[in-house]
Each structure stands twice: as structure tokens, then as C-alpha cells.
Amino acid sequence: MSGNTFGESFRVTSFGESHGPAIGCVVDGCPPGLVLAESYIQGDLDRRKPGTSRHVTQRREPDTVEILSGVYEGRTTGAPIALLIRNQDQRSRDYAVIADTFRPGHADYSWWQKYGARDPRGGGRASARETAVRVAAGAIARKWLEEAYGVSVRGYLAQLGEIAIPFVSWEATMGNPFFAPDAAVVPRLETYMDELRHAGDSVGARVNVVASGVPVGWGEPVFDRLDADIAHAMMGINAVKGVEIGAGFAAVTQRGSEHGDELTPEGFLSNNAGGVLGGVSSGQDVTVSLALKPTSSIRIARRTIDKTGAATTVATEGRHDPCVGIRAVPVAEAMLALVLIDHALRHRAQCGDVHTSTPKIAARVK
């Protein structure tokens, strides 16, 4: 199986399955000298891990990360950083009854036809469990971006099913299990999720991610456009079915006089471009929005076929998220950070000594 490595200058290679002994990754290209300890990575992993509330899967994984290489006396050496997260709460017996059937909406059928082999335990390699290692690698990227350039990457749940969540403050996202930016809407979200769980059904979500402090100039103008790489990264997250940069699909109904972000000596007047112009960062906030589909593992019986092609039905038991979008916030943050650090290093290599006399107008006029 190929396609398990992400990035050019900052490369992350992921390995492991949902119900195997462990999951992990190798990070290659991290600059030397970064102060790094397992405790820093653990903070981001704790935000993503299962079992943190009744609204997500009750699989009890501590997601304790181990740094196996690439760090000496508390600092990165420039050598590959190997990260390991051991699986400790697998219940593989829950999947025995679906070993010979294909769950609707899952990778079961397509992977079986492609590889002629499939690990049915929790989805194997296709499980969202794999995203834990992306969060671990992303934590390294976030720390370097913040220390080297003052870049911050933050995300929040913007919509749960039909419930749109207004943005009130970043502080609110840290005080509830939904990463909701409005504390007042949390009781409604809890009731909604309780009803979903009781019905054995699931729902989709919208997650927004914002990178602030990104300097002007990161990205490439043609194939490796910053926004193209961001879209590629976000579409690589399990369950993501749509990605918007800036105004996104709202640009369809905008006029050119409205969509084009005017420049003034004090700053941009709007940010419909989402912080990217011609594939290169503009110095404004990089804004990304992604749509996640409803969880495919539900208790409601649905029609499918088995390995012989015979019609049957399947209802997925076990521990599953009624909405995968809730725990996708730290994953989306991590993937955006991985794209940004990769382009930061590539920009530094080619254009680090480029200077112009034109003043930089990083902030948007409020």
C-alpha cells in the first residue's frame, strides 16, 4: 500500500491499524534545535482522543505518545522523529460479524476490490484511529511555526447537522467537548447528540480552521499552490467530503467588485481569498472550512452485499462516534499546520533572502 507519506520538506510517514499493536509515524525534515518533549505532543492528542465525553466513541485509549528517536537532551537533532502510540482498548470481537460483508459508506468494498485483503477490525488502516498520529506530528509543526514565525493554528466546530454555531470567541472552544465557539449553544448540542445516539444514527458537521500570523510569500504558483495543498491535506482526513478556502462556494454568487479583496495602506478590506492569492499566502489569516459526512458505522440495519455478492443487511455494533466532526477539529488543525510548515521550509530554502521595498500589509482592516 502506497500513499502513506505527506509533505516535501517536512515529511510525515504514517503506519499502523486501528486494532493492531500500535499506530505511529516518522517525521523527517524537522529543523534541529526545537525544544520538544512528549508532554507537549500529548496536549494535542488529549484533545482528539476517544472517550472524552458521552458524545463520542467510548473506546478508552490513553493515546500516550512515545518519542523513539530524533530528540536528544530535550531538543530535536534534525534526524527522523519516530512517534509511537500503543493501542490498548481494542474490542476486535465487535467486528467478527461483518468480516464477510461490506458496510455502506465505508472503505470495505473498494479496498477489498483493490487489494484482495481487508482488516475488518475497526476499519483497519481506514479507521479514523490513524488520525492520532497526524495530530502528534502536527503538534511538532505547530510548535515550530509558533516559535519561528508567531503563527497560530486554531479550529472550531461551525455546524453540527442542521445546527449552525455562531462564532463568539476562541476561549469558548476550550470549555466544552464540541469545540463550539459559543458556550450558549452547548446544551442544545448535547440534547441533539443524545437523541442521535438513542436513535442509533449519525450526522455530519462543518469544521473551520484559521491560521493567523502566516507571512506573505508561502506557497508555489502552479501545481504546489498553498490552497491546493491545503485542500489535498483536508480531503485526506477521514470523512471529509468538501473543502472551502476563504469565501469558498459563496464566491459563486459574489460579484468581482465584492469578491476581490481591496488593498489599502492600512491593510486588506476583506478576506474572501482566505489568505491565499495566486497560490501564495497574502499575509492575511488562512481560513479553511471542511464538511464531514455522517459516521457510516450506525446501528440501523442497511442493505449491502457479502463477499459472494449475495444481498444481505448489516447493522454496525460497537463503539462509534455519532458525529466524527466533533473530534475532527484537532485533526484539521494538525493538517493545516503540516502544510504550513512544509511551505515555510520550502520558501526559506528558495526565497529566504528575497526582500522588496513594498510595505507588508498583513492585517485586514476591521
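Laboratory data are not the source of any read-out in this text; all were calculated from the coordinates shown. As the structure is a computational prediction, the values presented were derived from the model and not from experiment. All Cβ positions, glycine included, derive from the backbone under ideal geometry; neighbour counts span all protein chains shown.
Any idea what the dipole of the chain comes to, in debye rounded to 20, about its Cα centre with Lys/Arg Cβ at +1 and Asp/Glu Cβ at -1?
On the way: 39 positive and 41 negative charges, 194 e Å.
With only Lys, Arg, Asp and Glu charged at Cβ, the dipole is about 940 debye.
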As straight-line cross-link partners of K360, the qualifying aspartates and glutamates (C-alpha separation under 16 Å, not fewer than 8 residues apart within one chain) are D261, E262, E266, D285
Give, in nm to one decimal, the length gained when the segment between E195 and T356 is fully stretched (0.36 nm per residue of separation minus the Cα-Cα distance). 52.2 nm
Return L269, L45, L157 ranked ascending by Cβ neighbour count within 10 Å, so the fewest neighbours appear first. L269, L45, L157
Among S14, S212, S257, which one moves the most in a GNM of the chain with springs linking Cα atoms closer than 10 Å? S257
Packing-ranked peptide list from 106-115, 213-222, highest mean Cβ count within 10 angstrom first, is 213-222, 106-115
Taking the Cα atoms only, what angle lies between the long axis of helix 38-48 and the longest principal axis of the chain, rounded to 10 degrees? 60 degrees
Using the Cα centre of the chain as origin and beta-carbon charges of +1 (Lys, Arg) and -1 (Asp, Glu), tell me which of G105, T287, H355 is placed farthest towards the positive end of the dipole. G105
Given the options D224, D285, D353, which has the most mean-square fluctuation in a GNM of the chain, springs set between C-alpha atoms less than 10 angstrom apart? D353
Please build a GNM for the chain, connecting alpha carbons under 10 Å apart, and tell me which residue among A239, A99, A139 fluctuates the most. A99
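Okay, helix-only estimate at 222 nm for the chain: each DSSP H run of n ≥ 4 adds -39500 (n - 2.57), divide by all residues, round to 500 deg cm²/dmol; what do you get?
Computed mean residue ellipticity for the chain: -8000 deg cm²/dmol.
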